[in-house]
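Asker: The structure's right below; bear with me while I get my questions together.
A short reminder: the numbers here are calculations on the coordinates, not readings from a lab. None of these values were measured; they are calculated from a predicted model. For neighbour counting, all protein chains shown are included, and Cβ atoms are generated from backbone atoms with ideal geometry for every residue, glycine included.
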Amino acid sequence: MNKIDMIHSFVSVKISELCDDTNWAKYTLAKLRRGIGKIPGEVPELYEITLGGLSKELAGGNAPSTAEYAIYSTLTMYALNKTGMDNEPHKTGGDSFGQAVRKLVMIDNSSERLIRIRFNAAITASDMPGFSYHAHRLVKAFKSNMPAIRLDYPQFAVDLYKLYSENTKKEVLYKWTSDLVN
């Protein structure tokens, strides 16, 4: 299995654990929200929840790997989107980040300029914490517009990994921007 497939599979399993309507899931989602915009390991209690069981091929050495950042950021944003909602914000084959932003613009075209500014700030951020900082505001807006907007979170993690990998960054930028415009 390649790294892309491993990331997708890992996030799928984590989300299936978090989407249950159990006290553990609710408590865990609340903890995960505290990790938004932080780096993996900065909130030690979140390490096991977000990265526990991660294969050695995806793990970093002395610092978080791009895969760890992508998984951690995705799971904290999923928690933000899921909390307090009866509807599930994840949908396999659901919206890409660009498609979700396009739907948000269509729903609230009076805020189109602000939404596009936030989108541009997120996708041009120089690092994953910067992306998370800008993107979490959009994810909050996605939450307000469910079930019309439902991300494919495992694919979102893969896209984040690719966005901060030198060889595939342009591919993700093109995909998300194209999804926003078309």
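Asker: What do you reckon, is Arg113 in contact with a Leu (Cβ under 6 Å, 6 or more places away or on another chain) and surrounded by fewer than 20 Cβ atoms within 10 Å (Cβ to Cβ)?
Answerer: no
Asker: Within segment 1-51, restricting attention to residues that are touching a residue at least 12 places away in the same chain (Cβ under 8 Å) and among the hydroxyl-bearing types (Ser, Thr, Tyr), which residue is surrounded by the fewest Cβ atoms within 10 Å (Cβ to Cβ)?
Answerer: Ranking the candidates gives Ser9 first.
Asker: Next up: Of the residues that sit in segment 89-103 and are under 13 Å from Pro154 (Cβ atoms) and out of contact with any strand residue (DSSP E or B) (no Cβ under 8 Å at 6 or more places or on another chain), which one is surrounded by the most Cβ atoms within 10 Å (Cβ to Cβ)?
Answerer: Selected residue: Thr92.
Asker: Continuing with the same structure: What residue, among those in segment 55-80 that are surrounded by fewer than 18 Cβ atoms within 10 Å (Cβ to Cβ) and hydrophobic (A, V, I, L, M, F, W, C), is nearest to Asp152 (Cα to Cα)?
Answerer: Ala59
Asker: Answer yes or no as to whether Met106 is buried (at least 20 other Cβ atoms within 10 Å of the Cβ) and closer than 15 Å to Ile149 by Cβ.
Answerer: Judged against the criteria, Met106 is not a match.
Asker: Could you pull out every one of the helices (runs of 4 or more DSSP H) wholly within segment 104-182 that has 2 or more residues that are among the small types (Gly, Ala, Ser) and out of contact with any Asp or Glu (no Cβ under 8 Å at 6 or more places or on another chain)?
Answerer: Here the list reads 112-123, 128-144.
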